[in-house]
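Shown next, in structure tokens, is the structure this report addresses.
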Amino acid sequence: MRIHALQHVAFEGLGHIGSWIAAEEHQLTVTRLYEGGALPDPNDFDRLIIMGGPMNIYEDDRYPWLSGEKVLIRQAIKAGKSAVGICLGAQLLADALGSPVFAGQEKEIGWLPIRLTEAGKHTGLLSGLPNQSTVFHWHGDTFAIPEGAIHLAESEGCSSQAFLYDNRILGLQFHLESTPETVGQILAHCRDELVPGRYIQTEDLINAADPVFYLQINNLLETLLARLP
């Protein structure tokens, strides 16, 4: 499979997605938008991976490359490609599918549980997977579930945690790709966001996460990536 990744900042890389791509011997190309990298033609890839970042999707004035990225995402969807969006990437997918993206009532930062919706439990994508998982979050914005998409997962602090559109477009508000290294990178660059909040953990608590959490989310990620067409 030819996979193309869109990366928005240097400190939010592919994480375990990169390990899965290498293990499966898929072909990987990357556009580093923060370096002014060129966007590909949709004919040049089979799956688009859209990573996270601290910017908002509506900050085109600060990040001019956002406009071109949004065009590419819409083109890829129209061309029948599969796509996976992580956090900001999920918000960009929701926007491309016509849903509003906006500031959530609560920020979620740290290791917090999500649960599958009833609709999510009955999808082939999530068949046999746990009804509840503890995953890594770092987001303030959220989105409405796109029209025609299946609402897959929710949490106490944010209802729109995951969606599946046309069985090939997957939006995840949370970070299944996280490793101790990637979490350390985000902490190093964004720890100023760790202010007191109902769903905001302290740096010490984030760093004290049970190592099994990483194994569980990475295994879940591999299952989802393998099941998508």
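Since every read-out is calculated from the coordinates, none of them should be taken as a lab result. Keep in mind the model is a prediction, meaning the values are calculated, not measured. No Cβ is skipped: glycine too gets one built from the backbone with ideal geometry, and neighbour counts run over all protein chains shown.
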Candidate set from the stretch 88-124 (those that are among the aliphatic types (A, V, I, L, M) and not in a strand (DSSP E or B)); member that is surrounded by the most Cβ atoms within 10 Å (Cβ to Cβ)
LEU93
The residue that is farthest from the chain's Cα centre (by Cα), considering only those in the stretch 46-58 that are under 22 Å from HIS175 (Cβ atoms) and part of a loop (DSSP other than H, G, I, E, B), is TYR58
Pairs only if they're at least six apart or on different chains, beta carbon under 7 angstrom, first in the stretch 162-177 and on the phi > 0 side of the Ramachandran plot, second surrounded by fewer than 24 Cβ atoms within 10 Å (Cβ to Cβ); list them, first residue then second.
ASN167/PRO229
What's the number of the only condition in (1) more than 25 Å from GLN201 (Cβ to Cβ); (2) crowded, with 23+ Cβ neighbours inside 10 Å; (3) within 15 Å of the chain's Cα centre (by Cα) that SER178 fails to meet?
(1)
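If you take the residues of the stretch 182-201 that are free of Cβ contacts under 8 Å to residues at least 40 places away in the same chain and within 25 Å of LEU220 (Cβ to Cβ), which of them is surrounded by the fewest Cβ atoms within 10 Å (Cβ to Cβ)?
Result: GLY184.
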Kindly indicate whether any position in the stretch 2-23 is surrounded by fewer than 17 Cβ atoms within 10 Å (Cβ to Cβ), in contact with an Asp or Glu (Cβ under 7 Å, 6 or more places away or on another chain), within 27 Å of ARG227 (Cβ to Cβ) and not aromatic (Phe, Trp, Tyr).
yes
More than 22 Å from ARG227 (Cβ to Cβ) and touching a Lys or Arg at 6+ places or on another chain (Cβ under 8 Å) - does that describe any residue in the stretch 189-197?
yes
